[in-house]
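Note sheet for the following structure.
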Amino acid sequence: MKQTVIQVRSLLLALVTGIITGLIVGAFRIGIQLIAHFNFDLLLASQASFKSGFIFCGVFLALALFAGYCVSREPNIGGSGIPQVAGQISGQLHQKWYRVLFFKFFGGLATIGSGLTLGREGPSVQIGATIGQGIGQISNSSRRLTNALIAGAAGGGLAAAFNAPLSGLIFIVEELYHRTGRNLFLYGGLTVISAAITANKLLGINPSIPIPRFIDFDVPNLFLSVILGCIIGFSGVLFNYLIIHGKMVYGKWQVPAWVKALIPFAVTACFLFLDLRLYGSGDELIQFPFGHNESLLTLIYLYLVKLILLVLAFCSGIPGGIFFPLLAIGSLVGNIYGSFLHEIGIVSAEVIPYFAVLAMSSHFSAIVRAPLTGIILIAEMTGASLPWLLPIIIASYTAHIVADFLGSPPIYTSLLDLLLQNRKASPLSESIKSEGA
């Protein structure tokens, strides 16, 4: 009887955690959309009005200073937050959940809503994790159950961010826990499901990346998918190298957090005045092959600039994730690959969108080294049909193998290692005073 009571209590805690996670992450997404639309309207108006451009720069400056203030008050909110969650579950890191929740929420609104090349998914994961930690501590739950609530709410944050509940559950196992267990599936799974349902009530159930349905031609052949996976593997290695070394460079620069925050805002503002396509985490870039596609040289230019803007923003330590930007950058690689094959007469133009979708999953696999999460995530985010799955699996695992062969470690493992090194070097051992990864 005692065991039954404990299980019912735990299930109720998991359900409550999921509902709260869905509500808060849903509000986070809505806030980002409102700020992003406001900023983009100002940016559009600035093309014809000097006054609007001046206001846009003022808003950008205010958001940069606010983001720097949030990081200075709570360094644990820096970056995506996923390495911090992984370190917390493993017992290597500790944080005050209410401070992280408050400053991550509002700091993330400032950075992601501004139009920087940053994603909402990492912050959503960390926001969810803080809610799980808070529920566990307030209810005086065991360490085992608290960790299950933290992991479940982290997965719930991902599910709510992308309307991808299955990806949220797989993400817990593949990226955070690296193992399965009854408590994890039971309590963590219930948290993910309840978070996804709650967020859907606020935001709807449409795919995060809506794509047209193509039924009149075959998907790319498997040999071309293998070649794409190899190319994506190299792109993933470059991505990880730039992120890690960028973090090291920023970490050695001993200046206030607000100064570091100003750099990505200033550089991004300059590029945005010249090219509106660079605004935000990259939604528009993913849609290119499904509508009016760009030229091959333009796609290469967008890939390089978007990668640079992401490195500048993420490595500065301000709140923001890399999930969605890495998907958008990956789609550009697939678009470049498909456009090149089209130009030399190997494939038709109608096949290019398939390569873009394959490349998103493959890029995730090469960078994060969680192929199952990447495959299911793209299927859920795009609503891709079953004939796509085999090419996606082949390209994703090829990219994974190439990145492994080249000795590139998973990005979040590298960021956690760097975070722990910075913590050991800090005289303040009770909390993480180094810059968040």
### Task
Roll a 1.4 angstrom probe over the protein heavy atoms and tell me the percent of accessible area of the stretch 13-122 that is carbon or sulfur.
74
### Summary
In nanometres, the difference between 0.36 nm per residue of separation and the alpha-carbon distance of Thr298 and Gln7 is 99.1 nm
### Query
Using Cα pairs under 8 angstrom and six or more residues apart, how large is the relative contact order of the stretch 222-421, in percent?
32
### Task
Averaging sequence separations of C-alpha pairs under 8 Å and six or more residues apart, then dividing by the length of the chain, give the relative contact order as a whole percent.
23
### Query
For the chain, what are the DSSP H helices with axial Cα length of 18 Å or more and mean Kyte-Doolittle hydropathy of at least 0.5?
2-46, 50-73, 97-114, 143-162, 189-203, 222-252, 257-274, 296-315, 323-343, 352-368, 389-405
### Query
Can you give the charge dipole size of the stretch 222-421 about its Cα centre, rounded to the nearest 20 debye, using +1 on the beta carbon of Lys and Arg and -1 on the beta carbon of Asp and Glu?
540
### Message
Given points 7 Å out from each Cα along the Cα-Cβ axis, report the His94 to Arg179 separation in nanometres with one decimal.
### Response
2.3
### Query
Suppose every K and R has +1 on its Cβ and every D and E has -1 on its Cβ; what is the size of the dipole of the stretch 10-203 about the Cα centre, in Debye to the nearest 20?
360
### Among Asn39, Asn221, Asn422: highest mean-square fluctuation, GNM of the chain, C-alpha pairs under 10 Å
Asn221
### Task
Provide the per residue accessible area, probe 1.4 Å, for the stretch 1-125, rounded to a whole number of square angstrom.
42
### Query
In the calculated pair distance distribution of the stretch 222-421, what percentage of Cα-Cα distances lie above 29 Å?
23
### Query
How many nm separate the modelled label positions at Leu15 and Gln421, each set 7 Å beyond the Cα in the direction of the Cβ?
4.7
### Message
If the only charges are +1 at each Lys and Arg Cβ and -1 at each Asp and Glu Cβ, what is the size of the charge dipole of the chain around the Cα centre, to the nearest 20 debye?
### Response
1700
## Note on the structure
Interchain or sequence-distant (5+) residues whose placed amide H lies within less than 5 Å of the amide H of Gly79 are Gly317, Ile318, Gly320
### Task
State which entries of Lys201/Lys247; Lys96/Lys260; Lys104/Lys306; Lys96/Lys306 exceed 26 angstrom in Cα-Cα distance in the structure shown.
Lys201/Lys247; Lys96/Lys306
### Message
Could you work out what % of the accessible surface of the stretch 173-325 is carbon and sulfur, using a 1.4 angstrom probe and leaving DNA, RNA and ligands out of the count?
### Response
69
### Alpha carbon convex hull of the stretch 10-203, projected area averaged over orientations, nm²
10.4
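The values are calculated or read from the model by the stated rules, or taken from the named source; none is laboratory data. Nothing here was measured: the structure is a model prediction, and the numbers come from that model. Here the Cβ is made from the backbone with ideal geometry for all residues, glycine too, and neighbour counts use every protein chain on show. These accessible areas exclude ligands, DNA and RNA; they are computed on the full protein's heavy atoms, side chains included. Shrake-Rupley method; radii C 1.70, N 1.55, O 1.52, S 1.80 Å.
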